[in-house]
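Novice: Here's a structure for you.
The values are calculated or read from the model by the stated rules, or taken from the named source; none is laboratory data. Keep in mind that this is a model prediction, so the values were computed, not measured. A quick note on method: Cβ atoms are made from the backbone with ideal geometry, for glycine too, and the neighbour counts reach across all protein chains shown. Heads up: the accessible areas ignore ligands, DNA and RNA and are worked out on the full protein's heavy atoms, side chains in. Shrake-Rupley method; radii C 1.70, N 1.55, O 1.52, S 1.80 Å.
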Amino acid sequence: RNEKEDLLVAVREAITTAKETGAKTIISHFRPLKGFEKEFTAGLSEIEEASVHTPVWFDGYPSDMSLAPLYTLLPDFARVGRLESMYRTLTTLRDRVKNSLPAVKGGDIRILEAPSAPYLAGKTLGEFSENQGLSLPDGLIRLMEITKLRAVVLYRNVHMDLAIQMLRSPRALVASNSPSFGRKGIESDRTQHIFPKFLSLMEYLGYMPFAEAVKKITATPARIVGV
């Protein structure tokens with residue numbers, strides 16, 4: 001339910017559900033967001049400890065990118081209600097929203113889809129802001145306004161080293177968390193080659209034997225989900 005401050009609370013809820021029901025439980029899309037590495041590490045430890053007597057696993061991916069609707073970058077106070085309500089908050093509390101946006105670099109955000117402005121697809125936030133003659137925070141606000149919060153972006157907000165290390169866990173599964181196709185002309189490693197990337201990283205870093213890495217993305221998940 002929460003990937004940030006209350007990540008540990010959310011992990012404990014999933015573990016409790018698995019323990020009380022006996023249902024095989026996979027915490028999906030488990031990843032260390034930047035700024036919340038401590039919470040993630042604590043959650044990972046609790047999953048591994050609980051797994052001794054509880055059928056609980058998690059899945060993640062070796063990538064530092066999230067595929068996210070643009071509105072998810074709004075601060076919590078503005079991310080309430082439907083898109084129309086969020087957009088009203090954005091326009092009426094513009095300065096407050098801008099001052100609460102996450103600190104990002106120009107290349108940290110790339111526009112994948114912008115239904116009302118398809119010409120923006122493929123541009124980074126840095127490129128868009130420069131074209132508009134704006135700072136990055138003002139550029140992000142302008143992007144939200146132009147697209148009315150309906151854009152989809154690739155957002156570099158995952159701690160890459162931790163994302164790779166967590167996959168060594170015996171409770172870790174691998175998932176692209178992405179459609180099997182990319183947007184025209186715009187691909188990410190998650191749509192194209194997340195599984196061979198996992199295999200090559202595990203071998204290159206010496207994290208596990210190659211056969212064990214293959215098993216982690218084939219026989220192990222098949223056994224868990226019963227196929």
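Novice: Can you pull the one-decimal nm distance between simple spin-label points at Glu127 and Arg223, each 7 Å off the Cα toward Cβ?
Specialist: Result: 4.6 nm between the two label points.
Novice: Please give every one of the aspartates and glutamates within straight-line cross-link reach of Lys216, meaning a C-alpha to C-alpha distance under 20 Å, and leave out same-chain neighbours fewer than 8 residues apart.
Specialist: Glu48, Glu49, Asp59, Asp161, Asp189, Glu203
Novice: Could you provide, to the nearest whole Å², the per residue accessible area of the chain with probe 1.4 Å? Can you show the working numbers first?
Specialist: Numbers: 11900 Å² over 227 residues.
Result: 52 Å² per residue.
Novice: Based solely on its DSSP helices, what 222 nm [θ] is calculated for the chain when runs of n ≥ 4 H residues each add -39,500 (n - 2.57) and the sum is averaged over all residues, nearest 500 deg cm²/dmol? Don't skip to the end; give the middle numbers.
Specialist: Working: 11 runs with 101 residues, N = 227.
It comes out at -12500 deg cm²/dmol, rounded to the nearest 500.
Novice: Between Thr147, Thr17, Thr92, find the one with the highest GNM mean-square fluctuation for the chain; connect C-alpha pairs within less than 10 Å.
Specialist: Thr92
Novice: How would region 104-152 be classified by its alpha-carbon gyration tensor: rounded, prolate or oblate, with rounded meaning a/c under 1.5 and the a/b versus b/c comparison settling the rest? List each step's numbers first, then the result.
Specialist: Values: a/c = 1.68, a/b = 1.37, b/c = 1.23.
The shape class here is prolate.
Novice: How much length is gained if the chain between Ser45 and Lys105 is pulled fully straight, taking 0.36 nm per residue apart and subtracting their Cα-Cα distance, in nm to one decimal?
Specialist: Gain on extension, Ser45 to Lys105, equals 18.5 nm.
Novice: Checking understanding here: applying a Kyte-Doolittle mean of at least 0.5 and a length along the axis of at least 18 Å (C-alpha), which whole DSSP H helices in the chain pass?
Specialist: Numbers: long enough: 7-21 (21 Å, 0.56); 37-50 (20 Å, -0.61).
Taking the DSSP H segments of the chain (at least 18 Å long, mean hydropathy at least 0.5), we get 7-21.
Novice: Cut-off under 16 Å on the C-alpha distance; same-chain residues fewer than 8 positions from Lys105 excluded. Which aspartates and glutamates are left, in chain and number order?
Specialist: Asp64, Glu127, Glu130, Asp138
Novice: Still on this structure: With only Lys, Arg, Asp and Glu charged, each at its Cβ (+1 for the first two, -1 for the last two), find how big the charge dipole of region 138-180 is about the Cα centre; round to the nearest 20 debye. Could you put the intermediate results ahead of the total?
Specialist: Details: 6 positive and 3 negative charges, 29 e Å.
Once rounded to the nearest 20, the dipole reads 140 debye.
Novice: Kirkwood Rh and Cα-based Rg: tell me the resulting Rg over Rh for the chain, rounded to two decimals. Please report the intermediate quantities before stating the final value.
Specialist: Numbers: Rg = 19.3 Å, Rh = 19.1 Å.
The Rg/Rh ratio comes out at 1.01.
Novice: To continue, here is another question. Nearest 0.05, what FRET efficiency do Ser28 and Arg88 give at R0 = 30 Å with Cβ-Cβ as r?
Specialist: Working: r = 32 Å, r/R0 = 1.06.
That pair, Ser28 with Arg88, gives E of 0.40.
Novice: How far apart, in nm, are two points set 7 Å out from the Cα along the Cα-to-Cβ line at Leu201 and at Glu145?
Specialist: Calculated label separation equals 3.8 nm.
Novice: List every residue whose amide H lies under 5 Å from the amide H of Ile27, counting only residues 5 or more places away in sequence or on a different chain, with H placed 1.01 Å from N in the peptide plane.
Specialist: Here Trp57, Phe58, Asp59 satisfy the definition.
Novice: Additional query: Just going by the charge dipole of the chain, with Lys and Arg at +1 and Asp and Glu at -1 on Cβ, which of Pro75, Tyr204, Ser51 is farthest out on the positive end?
Specialist: Ranked along the dipole, the leading option is Pro75.
Novice: Could you point to the residue in Asn2, Val214, Leu154 farthest towards the positive end of the chain's charge dipole, with +1 and -1 charges on the Cβ of Lys/Arg and Asp/Glu respectively?
Specialist: Leu154
Novice: Among Ile109, Ile26, Ile146, which one shows the highest mean-square fluctuation when the chain is modelled as a Gaussian network with alpha-carbon springs under 10 Å?
Specialist: Ile146
Novice: Of all DSSP beta bridges in the chain, what percent run antiparallel (nearest 5)?
Specialist: 65
Novice: Taking the Cα centre of the chain as origin, sum charge times position over the Cβ atoms of Lys and Arg (+1) and Asp and Glu (-1), and report the length of that vector in debye to the nearest 20.
Specialist: Values: 30 positive and 26 negative charges, 106 e Å.
Using Cβ point charges on Lys, Arg, Asp and Glu, the chain gives about 500 debye.
Novice: When the expected Rg is taken as 2.2 N^0.38 Å, what fraction or multiple of it is the alpha-carbon Rg of region 1-98?
Specialist: Numbers: Rg = 16.6 Å, N = 98, 2.2 N^0.38 = 12.6 Å.
Expressed relative to 2.2 N^0.38 Å, the Cα Rg reads 1.32.
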